[in-house]
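Heads up, the thing below is written out as structure tokens.
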Amino acid sequence: MITIWGRTNSVNVQKVLWCCDELVLPYERIDAGLQFGRNDEPAYLAMNPTGKIPTLVDDDFVLWESNSILRYLVLQYGEGSLLYPSEPKARASIDRWLDWSLSTLQPAERPVFWALVRTPAPARDTAKLASDFNAVAVLWRMLDTHLQGRFFLEGEKFTLADIVIGAYAKRWFGVDGVERPPLPNLERWYSRIATRTGFKKYVDFPLT
Ligand SMILES: N[C@@H](CCC(=O)N[C@@H](CS)C(=O)NCC(=O)O)C(=O)O
């Protein structure tokens, strides 16, 4: 049985749960992180020395880093799955979105999310928020251009790239208090992925 450690309002946990849903993979989940704590306890740190969530336990195998977990789940349990195809160019094209999400998108969107969702309005630094928002808008605009003429991020098929970027997109479309520029290709793609059961079950909730 697979165990996933992590609270459900973490974007990095949501990606993993969504992937399990796509693979119709049973698992148990244990709350950890923020108000649930546990991720600073020795037993948790012995599994995951970063003290972050999620952590995956699959019998005697332990893995952390959400995107590594996604790849593992498909390779281990999704034989033939189009979520992460074996053809090198197709796989590398998906990998770049996974890498980009952690190296570029998350660092840019995190301060906006924290300011709008986890900071009371009177305590917000509005000048910094405006500048952070403009910085992340540049990235979503790039995605909007990329999605021109594409059904999903890597063409016709739904892949891990859509799960990963889709989970962050909720944090773009789901916040109030900012004026988003119109990004029609991105909006069409988002409404497409929002029909997936895994998105509805694990991502499509008010942000907290
Ligand atoms: N690169 C890591 C980032 C992990 C991470 O920063 N997780 C956040 C939640 S999204 C966390 O553990 N926050 C501390 C907490 O919840 O206590 C991954 O993708 O798994």
> Assigning unit charges at the beta carbon (Lys, Arg +1; Asp, Glu -1) and nothing else, what dipole magnitude in debye, to the nearest 20, does the stretch 1-129 show about its Cα centre?
Replying inline: 620 debye
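Mind giving me the FRET efficiency for Phe205 and Lys89? R0 is 30 Å, r the Cβ-Cβ distance, nearest 0.05 is fine. Intermediate results must be reported in sequence, preceding the final value.
Numbers: r = 36 Å, r/R0 = 1.18.
Step by step, r from the Cβ atoms, then E = 0.25.
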> Using the heavy atoms of the protein chains alone and a 1.4 angstrom probe, what is the accessible area of the stretch 88-201 per residue in square angstrom?
Replying inline: 49 Å²
> Quick one: ranking Met142, Met1 by accessible area, 1.4 Å probe, largest first, what do you get?
Replying inline: Met1, Met142
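Could you work out the helix-only [θ] at 222 nm for the chain, with each DSSP H run of four or more residues adding -39,500 (n - 2.57) and the total divided by the number of residues, to the nearest 500 deg cm²/dmol? Kindly include the intermediate steps, with their values, before the conclusion.
Working: 9 runs with 106 residues, N = 208.
Taken over the chain, the calculation gives -15500 deg cm²/dmol.
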> Which of the GluC sites (Glu not before Pro) found in the stretch 135-208 are in a DSSP loop and have at most 15 neighbouring Cβ atoms, other than their own, within 10 Å?
Replying inline: Glu156, Glu179
>> Per residue of the stretch 171-177, what does 6.51 cos²θ - 1.76 cosθ + 1.60 with θ = phi - 60° give for ³J(HN,Hα)? Whole Hz please, x for Gly and Pro, Karplus curve as stated.
In response: 7, 8, 7, x, 9, 9, x
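I need the calculated FRET efficiency for the pair Ala127 and Arg180, taking r as the beta carbon distance and R₀ as 22 Å, to the nearest 0.05.
Details: r = 19 Å, r/R0 = 0.86.
The pair Ala127/Arg180 has a calculated efficiency of 0.70.
Could you check how much of the accessible area of the chain is carbon and sulfur, as a whole percent, using a 1.4 Å probe? If you can, show how the numbers build up before the last one.
Numbers: 5510 of 10190 Å².
On the chain, the fraction of accessible area on carbon and sulfur atoms equals 54 percent.
Just check the stretch 1-138 against the gyration tensor rule for me: Cα atoms, a ≥ b ≥ c as the square roots of the eigenvalues, rounded for a/c under 1.5, and otherwise prolate or oblate depending on whether a/b exceeds b/c.
Working: a/c = 2.45, a/b = 1.32, b/c = 1.85.
In terms of gyration-tensor shape, oblate.
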> So what J values fall out for the stretch 55-68 if you push phi through Karplus, 6.51 cos²θ - 1.76 cosθ + 1.60 with θ = phi - 60°, rounded to Hz, Gly and Pro as x?
Replying inline: 10, 10, 10, 10, 6, 9, 9, 10, 9, 10, 5, 4, 6, 5
> Considering amide H positions built from the backbone, and no H for Pro or chain starts, which residues 5 or more places from Thr55, or on another chain, come under 5 Å of its amide H?
Replying inline: Trp5
> Using the alpha-carbon centroid of each, what span in Å lies between the stretch 173-208 and the stretch 106-145?
Replying inline: 16 Å
>> If I ignore ligands, DNA and RNA and count only protein heavy atoms, how much of Tyr202 is accessible to a 1.4 Å probe, in Å² to the nearest 10?
In response: 40 Å²
>> Quick check for you: with a 1.4 Å probe and neighbouring chains kept, what is the accessible area per residue of the stretch 2-77, in Å²?
In response: 45 Å²
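Answer rounded, prolate or oblate for the stretch 163-208, using the Cα gyration tensor with square roots of eigenvalues a ≥ b ≥ c: rounded when a/c is under 1.5, else prolate when a/b is larger than b/c, else oblate.
Details: a/c = 2.28, a/b = 1.23, b/c = 1.86.
Note, shape of the stretch 163-208 comes out oblate.
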> Along the charge dipole of the stretch 2-77, Cβ charges K/R +1 and D/E -1, which of Gln14, Ile30, Val57 sits furthest on the positive end?
Replying inline: Gln14
> Roughly how much of Arg150 is accessible, in Å² to the nearest 10, using a 1.4 Å probe?
Replying inline: 100 Å²
> Excluding ligands and nucleic acids, what accessible area in Å² is computed for Thr208 using a 1.4 Å probe, to the nearest 10?
Replying inline: 80 Å²
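The values are calculated or read from the model by the stated rules, or taken from the named source; none is laboratory data. Because the structure is predicted, anything quoted here is derived from the model rather than measured. Ideal geometry is used to build each Cβ from the backbone, glycine not excepted, and the neighbour counts take in all protein chains shown. These accessible areas exclude ligands, DNA and RNA; they are computed on the full protein's heavy atoms, side chains included. Shrake-Rupley method; radii C 1.70, N 1.55, O 1.52, S 1.80 Å.
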